[in-house]
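The values are calculated or read from the model by the stated rules, or taken from the named source; none is laboratory data. Just so it is clear, the model here is predicted, and its values are computed rather than measured. No Cβ is skipped: glycine too gets one built from the backbone with ideal geometry, and neighbour counts run over all protein chains shown. Note: accessible area is taken over every heavy atom of the protein model, side chains too, but ligands, DNA and RNA are not part of it. Shrake-Rupley method; radii C 1.70, N 1.55, O 1.52, S 1.80 Å.
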Amino acid sequence: MSSSAESIQMEEVRQRAQSLLSSSGLAQDVKAEVLTLASLSLPVSEKYRHLTAEEMLKENTAGRNNLEVSESLSRLVKALSILEKYGCNLTSPTRPRYWRSVKHNNPVFRTTVDAIKGGRRVLFLYGYTNQQIDGLSFPDEVTEPDCDVVAAVTLEVMTLRTEVDMLLKGIHPHPECFKDIIPGLTLQTEQTDDSNPPGDDGQGDKPQAPPPLVKPTPLPRQTQLPKPPAAPPAVGQCNLCGGASTLVCPSCEDNPFCDACDDLYHRHPSRANHKRDKIQKTQTENCSICGISSVSIQCSTCIQRLCLNCDRLFHSHPDRRGHSRTNLAVAAAAASSLSLSTWECAHCTTVNEMRVVLCTTCDRPRLATPAIAGQDGSGPTSQNTEWQCKSCTMVNQGSSILCEVCERPRLATRPPVPPAAESGSKWTCQFCTFVNSKPSAVCEMCSLPCKDASGVSAPQPLQQLLQQPLQQPPSFTKEQPDLGAKPQPRPRANLDLKRQKTMREDGLALIHQIREAEKRGVSPEEVYAALSMCGSSSINPCDWLTSELPHLLDEICAMAASVQLTSRLGNGSTALSVERDGPPPEQNAAPGGVKLSRAEAKLAWLAAGGNKDKAVRQLLRDRQVKMRELHSLGFQDMSQCEEALRQSGGDIKGALSLLQRPLMEPFHQRIWLDQPEPPINPKHPDKQRMCRRLLALYDLPSWGRCELALSLLQEPDVNYSLEDVVQAVKESHDREFIRRLLNTECPVCLSIFPRSKMQSLTSCQCSVCHECFRQHFTIAVRDKHIRDMVCPACSEPDINDPEQLDSYFSTLDIQLRDCLEPEVYELFHKKLTEHALMKDPKFLWCCHCTSGFINDGNQLKVTCPSCRKSFCAQCKKPWEPQHQDVSCEQFQLWKRENDPEYQRQGLAGYLRDNGITCPECKFQYALTKGGCMHFTCSQCRHQFCSGCNNPYYKMECKIPQCKFTGLHAHHPRDCLFYLRDWDADRLQALLQRSGVAFNTDPSNETPTDACGVMEQKDEGGQPADSPCGLQTQPGQAGLCMKHYREYLVSLINDHSLDPAVLYETQELVVACQRYLGDLKKGDGEDDNAFSARLLKKLMEVPLGEKVPRSK
């Protein structure tokens, strides 16, 4: 398949998978699409659009050997699995309750996602862009996650996890795509076997896979020709559930099955006699969660193959405790210890070991006779699973030996069908032994065909059955016996048939009544309870509920009141009474008595299953529980509680609402007044009233938090505002911690503010007040460069790290949106846009002014749109007519030979033309490199070494061997940073050694009294360009010693000369320690041999890649 075709296929599969994942949120729905994406032979950069997969793999595979790389990839697989669950939870319709935040103190997050590099970047892509003290969260203005974006990122996370897992297992179809990304990993490929010479077995030069263990082939039958033994098929996926297969059926087109699916699929009578072959595993499969331990448990519900530890942890969740799991340890042990002496089962033709007594497939004895074709279905595959009795079709537990209904043994065959004693229209089903009273093509009970094992059909031919109308629904009237038939002795099995028929008719009648009741709005519980009251009569339960249930509920209430009255009279109490929902009957009313409602009586009657006596006891128990609960809430008046329960129909929440309504009436009257609410006074004598107002106005979590807020406001010598204290009390209940929150010092203005009025950046842990935050970034936007917009306290983040810079500006934009003025915020966006344009390869800086623009043309001569002056787009020199149709090198050579002004400047002009060029934005400076090597670009604020163009770091860098934590850079050995300390004679010797010419005398027109090279100086706190002005010496070509050395070093760099050839022994030792680590002198090694060995090692280290070299 071509690359374009695979790209089209990737787009189609990606769109389909994103649509499924964004709508369902289930990883199983896109499993096939993920495997398809992972199997495409496309580059990693083209396959992943949102994730920086290549960078993530490089960062997490920084190992020195294959073992470390494999462990790093295993950790990456675990972390990607957790990130995949985060994405699926966000796209799921039933999103978790706490989906908005991710906590850093979560042990699973800390040991998986936080243990790898790039994990938090994935969370940022999901939408967790708000940095908090204890984790990440969605911004407050985001109410719902962007399911399309989350689905796209989650799909790439699943694809990357699948590809890394396939690399670890050695089954990736295109491992060559990762050889440059993961060079330290030895990819596991399939081993080829070239031991067979060409032509053996008709395979030619084709490599053969090492054959797995071959199961002994079954013995040939008398009616079949002997077949040559064949190797069992390889392990694959089940044809039904997608799990690991253990059996293959040749009769089913060689489809593989697992144990559970094979038991269900081959239970059908038409497939019961299929012969299945076991699949031998060729390699050990690892756990799908940890990826380290071998598989011991297979779960057919969640399609997972786990080790023992992961299975115990994964299925300990309440939602997964009921999953159906299979122990593979016993099967693996049996497969690994096959004996040479085997026996073939006469029923299912499975080849078993000699020591096995029962067949491992159908659990039949070794000496059992072969079953007649079509007589019975296949038995259970394991003694630990459920099995179906062949006599009464009862499904029993796997541990039981006898049937729970007919008490026949587990391995007993189906009893012979007795001859039909009824007329010719009745027939007995040979599968479930049910006696069908009407001629039909299938059994009324099990819906299986009516043809028995002996081949004798039902009494009526099939053609007559097909011509008859469809079977009528079963009648609920009992069948009348045939009076004209001759009485015959009934077999003993007819008692069981009669019992089955009665149970079936009663069940169908109950289902019919429940369906009719549902149409009339009656629940099944009411139907069941009504049947217990009128079951023996012919009254419809729904009619009985309408006419008789109210009287029954009144009777239950009266009986409960009588029992309660007797109990109270015995204790010297007043009498009780019961009252209905409507007008109470006179016989049930008594002054000051207990009042019970019909709703409570109905609930008690349903709970008792229609038993009236149990309903009375249940009603009294429920009322006592509700009264105790109301008393515990502070309502002591028994009559009010009973009246409230009666009015609410026994609902405790409704009764509580009725009881609280009089207590809240003064508050309701007060809040509806037009007068303004007085402010909360912490020193008010009524402390409870202040607490109630705090609860109503500020939504504090508890009464204790309100008292804590009042006590903090009453402390002497405090200037806390009520809003600040309430905000701090909401975050914690610790008094000392709240004091720290209320007394936070701003590191800029050194004032004290509460934590809620402090602002912090995502790049550091510093917190400054809102005013300092606003003023700092306002000044930075108006008067400084975009790269100066860092933390005012610690100057973080590092501006030389482009990854940190991009993520920092994306979050800073959200923070500045609300604190800056509109015109300042608009200026910030303008500078941010210019900063992004500078990264365009067609962006050019004008050499005449400080403007930049995008050049879409391909000509050397370009004109600045700001100053309207022209310059060369390649060498950045001012445009001259002599440059037309001439290369930059030829034009520079012409100027040296013909331009008087250039010749007058001499080597100063040479150093100016070979000045400093910013490696980040390509802006050129006509300055020399001497002096301080730490150069800061005025356009992009990039800090670099002017001698080698390597960046300067303010803190710890990413180089593993580096131990510096302050401002530093890594210079190569041919950088001016080191060579400027050499004498001019030594530099000239290096040039003479390679035959490079250099100047020692100035030109005729060059002034010789002072050095005229332009360099950047600090004048009045501002950088300014001015001549050097130092005194020159003879033999230095009219330059000072500093700039003459710079001239010689530029020639050394132009010709890529290695200064290591002139190193002394001590210089070699220092250089080797800097670039190679500590190299110790060997035992008995002299100084010359040691120096030669160090020089050879050092010469293997390449020179600086970014060192400016003139062509």
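Distance between the 7 Å Cα→Cβ label points at N611 and R321: 2.9 nm.
How large, in percent, is the carbon and sulfur part of the accessible surface of the range 687-838 at a probe radius of 1.4 Å? Ligands and nucleic acids excluded, carbon and sulfur reach 49 percent. Here's the list of lysines a cross-link from K626 could span, going by alpha-carbon distance under 25 Å and ignoring same-chain residues fewer than 8 apart: K595, K602, K612, K614, K653. Summarising the label geometry, the points placed 7 Å from Cα in the beta-carbon direction at E677 and M10 lie 6.0 nm from one another. Just subtract the alpha-carbon distance of Q624 and H174 from 0.36 nm times their residue separation and send over the number in nm, one decimal. Gain on stretching Q624 to H174: 154.7 nm.
Partners of K954 within straight-line reach, counting lysines whose Cα lies under 28 Å from its Cα and excluding those fewer than 8 residues away in the same chain: K58, K117, K784, K830, K831, K839, K922, K929, K963, K1017, K1042, K1106. For the range 5-178, the fraction of 1.4 Å probe accessible surface lying on carbon and sulfur atoms is 53 percent. Local charge sum around E707 (other residues, Cβ-Cβ under 12 Å, Lys/Arg +1, Asp/Glu -1)? Every neighbour counted, the sum reads +4. Calculated FRET efficiency, L358 to Q132, Cβ-Cβ distance, R0 = 56 Å: about 0.35 to the nearest 0.05.
Segment Q874..R1109, full-extension length gain: 83.1 nm, with 0.36 nm per residue of separation and the alpha-carbon distance subtracted. Distance between the 7 Å Cα→Cβ label points at I511 and I854: 7.1 nm. Note on S547 and S24: with the Förster distance fixed at 45 Å, the Cβ-Cβ geometry gives a FRET efficiency of about 0.35.
Ranking V768, Q727, I814 by Cα position along the charge dipole of the range 687-838, where only Lys, Arg, Asp and Glu carry charges on their C-beta atoms, puts Q727 farthest toward the positive end. When peptides 7-14, 766-773, 1079-1086 are ranked by their average number of other Cβ atoms within 10 Å per residue, the highest-first order is 766-773, 7-14, 1079-1086.
Multiply the residue gap between H104 and S632 by 0.36 nm, knock off their C-alpha separation, and tell me the result in nm, one decimal place.
186.0 nm
Estimate the FRET efficiency between L1062 and Q890 by the formula 1/(1 + (r/R0)^6), using the beta-carbon distance for r and 45 Å for R0, to the nearest 0.05. E(calc), rounded to 0.05, equals 0.85.
3J(HN,Hα) along the range 303-308: 6, 10, 10, 10, 7, 5 Hz, from the Karplus curve 6.51 cos²θ - 1.76 cosθ + 1.60 with θ = phi - 60°, whole Hz, x for Gly and Pro. Rolling a 1.4 angstrom probe over the protein heavy atoms with all chains in place gives the range 5-178 an accessible area of 46 Å² per residue. Straight Cα distances below 21 angstrom link K498 to the lysines K390, K426, K438, K478, K486, with same-chain residues fewer than 8 positions distant left out. Once the 1.4 Å probe is applied to the protein heavy atoms, the range 662-789 comes out at 63 Å² accessible per residue.
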